[in-house]
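Remarks on the structure that follows.
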Amino acid sequence: MAQRSPLDLPEGDPFGPDNLPYGVFTTSDAPHLRKIGVRYGAHVLDAGAAAAVAASPHAELLGASSLNPLMAAGRPVWQAVRAELRDWLTNPAHRHAIEPLMHPLTTLALHLPIEVADYVDFFASEHHASNAGKIFRPDGDALTPNWKHMPIGYHGRAGTVLVSGSPIVRPHGQRLPPAEAPASPAPASAAPASAAPSASSSSSAPPRPVFGPSLRLDFEAEVAFVVGAPSPLNTPLPLAGFHDHVFGVCLLNDWSARDIQSWEYRPLGPFLGKSFATSLAAWITPLDALAAARTAPPARDVTPLPYLDDSAAEPGGFDLRIDVAVNGHTVSRPPFSAMYWTAAQQLAHLTVNGASLRTGDVFASGTVSGPRPDELGCLLELTWGGRDPLHLPDGPRTFLEDGDEVTLSAWAPGPDGVRIGMGEVTGHVVPAAS
């Protein structure tokens, strides 16, 4: 029986011609030569080699060692390159030249596909923010007064954004011992000190921290947006600027050490409890591949200020169906369509003060959670701050243990009923360094 060509995909393959996500790979015979690849089914096209064979005007961009030069080229070039790739992969006239440039995915090493410039993490799910508020402020308002007026966010650390599959070393830090710690850790964007419970409210003695490995390590299922075209300083972007500046979309896991975080976050917010590791997918899905997944965000009961008002804009949400698995066992299916603040609003807010964009900036949604108990995007919510353990096949969990592996995967509706697959994000927890 003749071997199936890598260009002949099974019907409905989620990595078909309507998807074409970008990544960066190396082969075993040239481990130091990074190349841009395009995933097609279970294979990867060497995009630079294909562009050279086809004498493409974009051969230099596709021959780079990261996606940044292509991303910086702007939307007209992104669309032209995408059209070329689709033609090379689907037009029988190119089959003879393209087939030898296809590599089995399982034989490749995948790398961080972009050079990350800045990293911003938002707090855009009303369900997540409300749950966190109920955990930490059971007698107060679930949402802080500013939450429905602007997308809340914080700046993370670009240097610790890691490609999917990288080990996650349990971080050290200051934390309160159990006798002095509050009942639950603090959320990523917690209330100001005046609205948050005090760890020492029941005692006149000030709390005294200890130093050691985090005991409350958590995952956060998120969606990230990757900036391509930069913007000048002191030039706020309107909602309509989203398409011109965002190159693509991918999954992201913003790992969190909840005990370190709960001790340090007041008054300035997340720092060492978040900056030790953030896992990014190896594949960036082009924004145009998700055109059929656009959807309206949930109804809002507070009218946003004009620069955030999207009532007359195109639907700003994305219908991404996320699956979160711990050690191969699905623990949650958060729906990205439930996010209150859209990525376009986040980008407009990020730049409204005049902050510029750089090629390779990454801004993430914050934890994605839905209204149902099986749609919560982190262990903080799934175990209600550690009160209600998850019962997995290999034993109960309140927070992550050494050896645990967390995998995020997702798909979105595409044209004509096709599914658009998102590159997965996996991280394996290893013991704290000695």
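The values are calculated or read from the model by the stated rules, or taken from the named source; none is laboratory data. Since the model is a prediction, treat every value here as computed from it, not as a measurement. All Cβ positions, even for glycine, are placed from backbone atoms using ideal geometry, and neighbour counts span all protein chains on display. When the accessible area is computed, the model is the full protein with side chains, heavy atoms only, and any ligands, DNA or RNA have been set aside. Shrake-Rupley method; radii C 1.70, N 1.55, O 1.52, S 1.80 Å.
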Residues of the stretch 1-50 being of a type in the set (A, V, I, L, M) and in a strand (DSSP E or B), in sequence order, are V24, A30, L33, I36, V38, V44, L45
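Each row is one residue, and each column tells you yes or no for (1) open to solvent by 50 Å² or more (accessible area, probe 1.4 Å); (2) in contact (Cβ under 8 Å) with a residue 12 or more places away in the chain; (3) of a type in the set (D, E, K, R); (4) in contact with a Gly (Cβ under 7 Å, 6 or more places away or on another chain).
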{"site": "V368", "(1), (2), (3), (4)": "no, yes, no, yes"}
{"site": "R372", "(1), (2), (3), (4)": "yes, no, yes, no"}
{"site": "E375", "(1), (2), (3), (4)": "no, yes, yes, no"}
{"site": "E381", "(1), (2), (3), (4)": "no, yes, yes, no"}
{"site": "P393", "(1), (2), (3), (4)": "yes, yes, no, no"}
{"site": "F399", "(1), (2), (3), (4)": "no, yes, no, yes"}
{"site": "T407", "(1), (2), (3), (4)": "no, yes, no, no"}
{"site": "W411", "(1), (2), (3), (4)": "yes, yes, no, yes"}
Of everything in the stretch 284-304, what is open to solvent by 50 Å² or more (accessible area, probe 1.4 Å), in contact with a Lys or Arg (Cβ under 9 Å, 6 or more places away or on another chain) and closer than 30 Å to R39 by Cβ? Give them in sequence order.
D288
Filter the stretch 330-341 for residues that are touching a residue at least 60 places away in the same chain (Cβ under 8 Å) and in contact with a Gly (Cβ under 8 Å, 6 or more places away or on another chain); which is nearest to L379 (Cα to Cα)?
S332
Determine which single condition R358 fails, assuming it passes every other condition in (1) closer than 25 Å to A343 by Cα; (2) open to solvent by less than 10 Å² (accessible area, probe 1.4 Å).
(2)
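Okay, residues lined up against (1) out of contact with any helix residue (DSSP H, G or I) (no Cβ under 9 Å at 6 or more places or on another chain); (2) under 30 Å from S166 (Cα atoms); (3) of a type in the set (S, T, Y):
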| site | (1), (2), (3) |
| --- | --- |
| L70 | no, yes, no |
| A83 | yes, no, no |
| E99 | yes, no, no |
| H111 | yes, yes, no |
| E115 | no, yes, no |
| D141 | no, no, no |
| H149 | no, no, no |
Which one of these does A433 not meet: (1) closer than 24 Å to G212 by Cα; (2) under 24 Å from the mean Cα position of the chain (by Cα)?
(2)
In the stretch 51-145, which strands (runs of 3 or more DSSP E) lie fully inside it and hold 2 or more residues that are surrounded by fewer than 20 Cβ atoms within 10 Å (Cβ to Cβ) and within 24 Å of the chain's Cα centre (by Cα)?
109-111
Assuming G159 fulfils every condition listed in (1) out of contact with any Pro (no Cβ under 8 Å at 6 or more places or on another chain); (2) within 22 Å of S356 (Cα to Cα); (3) part of a loop (DSSP other than H, G, I, E, B) apart from one, which condition is it?
(3)
Quickly run through the stretch 92-148 and pick out the residues that are over 18 Å from A42 (Cα atoms), of a type in the set (S, T, Y) and touching a residue at least 40 places away in the same chain (Cβ under 8 Å).
Y119, S125, T144
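Can you name every residue in the stretch 305-333 that is among the aliphatic types (A, V, I, L, M) and either within 20 Å of the chain's Cα centre (by Cα) or buried (at least 17 other Cβ atoms within 10 Å of the Cβ) (or both)? Steps first, please.
Residues of the stretch 305-333 that are among the aliphatic types (A, V, I, L, M), as a first pass: 305, 308, 312-313, 320, 322, 324-326, 331.
Across the stretch 305-333, the qualifying residues are L308, L320, I322, V324, A325, V326, V331.
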Residue check: is E84 under 25 Å from A292 (Cα atoms), modelled with pLDDT under 95 and of a type in the set (D, E)?
no
Against the conditions (1) open to solvent by 70 Å² or more (accessible area, probe 1.4 Å); (2) closer than 29 Å to V362 by Cα; (3) modelled with pLDDT under 90, where does P178 fall short? Just the number, please.
(2)
Test result for L380, at negative phi, more than 14 Å from the chain's Cα centre (by Cα) and of a type outside the set (V, I, T):
yes
